[in-house]
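A.B. asks: One structure, as structure tokens, below. Some questions next.
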Amino acid sequence: EKSKIELSSAMVSEIHLPFLTADATGPKHFQAALTRARFNEITANLVEDTMEPVQMAIEDSGLGPDQIENVLLVGGSTRIPAVQDAIKRFFQKDPVKSVNPDEAVALGAAIQASILAGETHDLLLLDVTPLSLGIETAGGLFTRIIERNTTVPTSKTMVFTTTEDSQTSVEVHCLQGERELAKFNKSLARFTLDGIPRAPKGMPKIEVTFEIDADGIVHVNARDAASNVKQSIVIRRSSGLSRTDVERLEVEAKEHFEQDRQQRELIAARIKAETLLGDAERTIAKYAGVVEKANLQEVQQNLELLKEALGNTENPDIITLVEKLDSSLMEVGRLIYSASRGAVPDGGSGTAAVEK
């Protein structure tokens, strides 16, 4: 550590460690000269690692490096010339050194404590959530309720529903992370909302609220809008992630972004396919004498192709087949609407909109 500090201003540092150990011949001492060039070489990977969160912060802000007015250095190791050079290369400007890097964190903590204690009123320090918070939804997907980098305290509510007929309870699985699939994120808590009135799937409206207070404690509430039954849970900081875990999850999310996106699209298509198949079967049975046989045959053909594709859970053709079935159902719906208004179903004058 002494040499690291010396090498921020000197080009060579002498290391003397006397009496490290001893053997039959006597005590052993260590003595060496460490140059700044060698120090930069053995710490290059650490300097490179520090630039990853800088890059991520820039991307999250939606700004470019050239739009940043000042870069403040905080922490004693920012005195290392190699760190300052890396910042300068990235932002194309010298970092600001007017802040004492050793005292900045302690001063910030003291100011935040003063704000929370009600002693300071003319200054506001905003903390942010390091990772997104949300719940597991149908198909094992992770649905974000509070996005990463949201300032706290904060609260947000989203409405969900049931996936089965006559479902009287739902499990709320709370997670933290950036991956599209729930299984790759950090599980925080689970609880069950019971007492939901029996109804067809998709009918109940279940409001899930995530609230983060000034102490970083997460309150999760689930409420059925019809019956007003509620359930809640509190997730304290100890249930969350360490800084190392946060950084690891951020890197994993970045590395698997494209793979996760494709998986999410495929799962979403499978969920939509289940609904479309039911709609298609009911449409064919109900409107056989209302629209042209050729149109219903197209729906039937797309229906059968989609059913076959669903036999392979990883079949990417499911996405295309869902779009085709959806399109053919939309066309049948247009014809039904036209027929109900006494119009000739030939796609002639006039337009029709079908809300699904």
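The values are calculated or read from the model by the stated rules, or taken from the named source; none is laboratory data. Note that the coordinates shown come from a computational prediction; the quantities given were computed from them, not determined experimentally. Positions of Cβ are backbone-derived with ideal geometry, glycine not excepted, and every protein chain shown enters the neighbour counts. Ligands, DNA and RNA are stripped out before the accessible areas are found, and what is left, the full protein with its side chains, is counted by its heavy atoms. Shrake-Rupley method; radii C 1.70, N 1.55, O 1.52, S 1.80 Å.
A.B. asks: Considering the convex hull of the alpha carbon atoms of segment 108-192, report its projected area averaged over all viewing directions, in nm², one decimal. Intermediate values should be presented prior to the final figure.
C.D. replies: Numbers: hull surface 29.5 nm².
Answer in nm², one decimal: 7.4.
A.B. asks: Modelling each spin label as a point 7 Å along the Cα-to-Cβ direction, I'd like the Asn315/Glu103 distance in nm, to one decimal.
C.D. replies: With each label point 7 Å from Cα toward Cβ, the separation is 6.9 nm.
A.B. asks: Are there trypsin sites (Lys or Arg not before Pro) in segment 55-164 that DSSP puts in a loop and that have at most 13 other Cβ atoms within 10 Å, and which ones? Numbers along the way, then the final one.
C.D. replies: Working: sites: Arg79, Lys88, Arg89, Lys93, Lys97, Arg144, Arg148, Lys156; in loops: Lys93, Lys97, Arg148.
Counting only loop positions with at most 13 other Cβ atoms within 10 Å, the trypsin sites (Lys or Arg not before Pro) in segment 55-164 are Lys97.
A.B. asks: Among the helices of the chain (complete DSSP H runs), which have Cα atoms covering no less than 20 Å along the helix axis and a Kyte-Doolittle mean of at least 0.5? Could you put the intermediate results ahead of the total?
C.D. replies: Values: long enough: 44-61 (26 Å, -0.19); 257-286 (43 Å, -0.75); 293-309 (24 Å, -0.75); 317-340 (34 Å, 0.53).
Helices meeting the criterion: 317-340.
A.B. asks: Then there is this: How much length, in nm to one decimal, is gained on full extension between Glu119 and Ser9, taken as 0.36 nm per residue of separation minus their Cα-Cα distance?
C.D. replies: Numbers: separation 110, 0.36 × 110 = 39.60 nm, distance 4.03 nm.
Value of the extension gain: 35.6 nm.
A.B. asks: Something else now. What's the Kirkwood radius of segment 64-173 in Å, using all Cα pairs?
C.D. replies: On the way: mean 1/r = 0.0542 Å⁻¹.
Its Kirkwood hydrodynamic radius stands at 18.5 Å.
A.B. asks: Express the C-alpha Rg of segment 203-338 as a ratio against the empirical globular expectation 2.2 N^0.38 Å, rounded to two decimals. Walk me through the intermediate numbers first.
C.D. replies: Details: Rg = 22.2 Å, N = 136, 2.2 N^0.38 = 14.2 Å.
Compactness ratio reported: 1.56.
A.B. asks: Which FRET efficiency value, to the nearest 0.05, is calculated for Arg38 and Lys88 with the Förster distance at 22 angstrom and r the Cβ-Cβ distance?
C.D. replies: On the way: r = 22 Å, r/R0 = 0.99.
So the FRET efficiency works out to roughly 0.50.
A.B. asks: Taking the Cα centroid of segment 135-194 and of segment 32-55, what is the distance between the two, rounded to the nearest whole Å?
C.D. replies: 40
A.B. asks: Cα-Cα over 19 Å: which of Lys2/Lys93; Lys186/Lys254; Lys272/Lys307; Lys156/Lys205? Walk me through the numbers on the way to the answer.
C.D. replies: Details: Lys2/Lys93 29 Å; Lys186/Lys254 16 Å; Lys272/Lys307 12 Å; Lys156/Lys205 16 Å.
Over 19 Å apart, Cα to Cα: Lys2/Lys93.
A.B. asks: Using a 1.4 Å probe over the heavy atoms of the protein chains, calculate the carbon and sulfur portion of the accessible area of the chain as a whole percent.
C.D. replies: The C+S portion of the solvent-accessible surface of the chain is 52 percent.
A.B. asks: While we're here: If the elastic network links every pair of Cα atoms under 10 Å, which of Val105, Val299, Val208 fluctuates the most in the Gaussian network model of the chain?
C.D. replies: Val105
A.B. asks: Calculate the all-directions average of the projected area of the chain's alpha-carbon convex hull, and give it in nm². Spell out each step's value before the answer.
C.D. replies: Numbers: hull surface 122.9 nm².
Here the figure is 30.7 nm², rounded to one decimal.
A.B. asks: Estimate the FRET efficiency between Asp194 and Glu292 by the formula 1/(1 + (r/R0)^6), using the beta-carbon distance for r and 35 Å for R0, to the nearest 0.05. Intermediate values should be presented prior to the final figure.
C.D. replies: Numbers: r = 49 Å, r/R0 = 1.40.
So, using R0 = 35 Å, E works out to roughly 0.10.
A.B. asks: Give, in nm to one decimal, the length gained when the segment between Met51 and Ser227 is fully stretched (0.36 nm per residue of separation minus the Cα-Cα distance).
C.D. replies: 58.3 nm
A.B. asks: Please compute the length gained on full extension between Ser169 and Thr151, using 0.36 nm multiplied by the number of residues separating them and subtracting their Cα-Cα distance. Can you show the working numbers first?
C.D. replies: Working: separation 18, 0.36 × 18 = 6.48 nm, distance 3.24 nm.
Answer, rounded to one decimal: 3.2 nm.
A.B. asks: Please work out the average accessible area per residue across the chain, using the 1.4 Å probe convention, and give it in Å². Please report the intermediate quantities before stating the final value.
C.D. replies: Values: 21890 Å² over 356 residues.
Result: 61 Å² of accessible area for each residue.
A.B. asks: Also, quick follow-up: Set Lys and Arg Cβ to +1 and Asp and Glu Cβ to -1, take the dipole of segment 206-343 about its Cα centre, and tell me which of Ile217, Met330, Phe257 lies farthest positive.
C.D. replies: Met330
A.B. asks: Right, here's the next one. Note down the Stokes-Einstein diffusion coefficient of segment 1-70 in µm²/s, whole number, using a Kirkwood radius over alpha carbon pairs, 20 °C, and 1.002 mPa s. Don't skip to the end; give the middle numbers.
C.D. replies: On the way: Rh = 15.6 Å.
Rounded to a whole number, D works out at 137 µm²/s.
A.B. asks: Kindly state, to the nearest 0.05, the FRET efficiency for Leu126 paired with Glu323, given R0 = 45 Å and r defined as their beta-carbon distance. Provide the component values of the computation, followed by the final result.
C.D. replies: On the way: r = 43 Å, r/R0 = 0.95.
The computed FRET efficiency comes out at 0.60.
A.B. asks: State, as an integer percentage, the relative contact order of segment 1-76 based on alpha-carbon contacts under 8 Å between residues 6 or more apart.
C.D. replies: 20
A.B. asks: Oh, and also: For a label point 7 Å from the Cα of Leu72 along Cα→C-beta, name the residues of segment 90-116 whose backbone N is under 18 Å from it.
C.D. replies: In segment 90-116, the label zone of Leu72 (backbone N under 18 Å from the point 7 Å along Cα→Cβ) covers 94-116.
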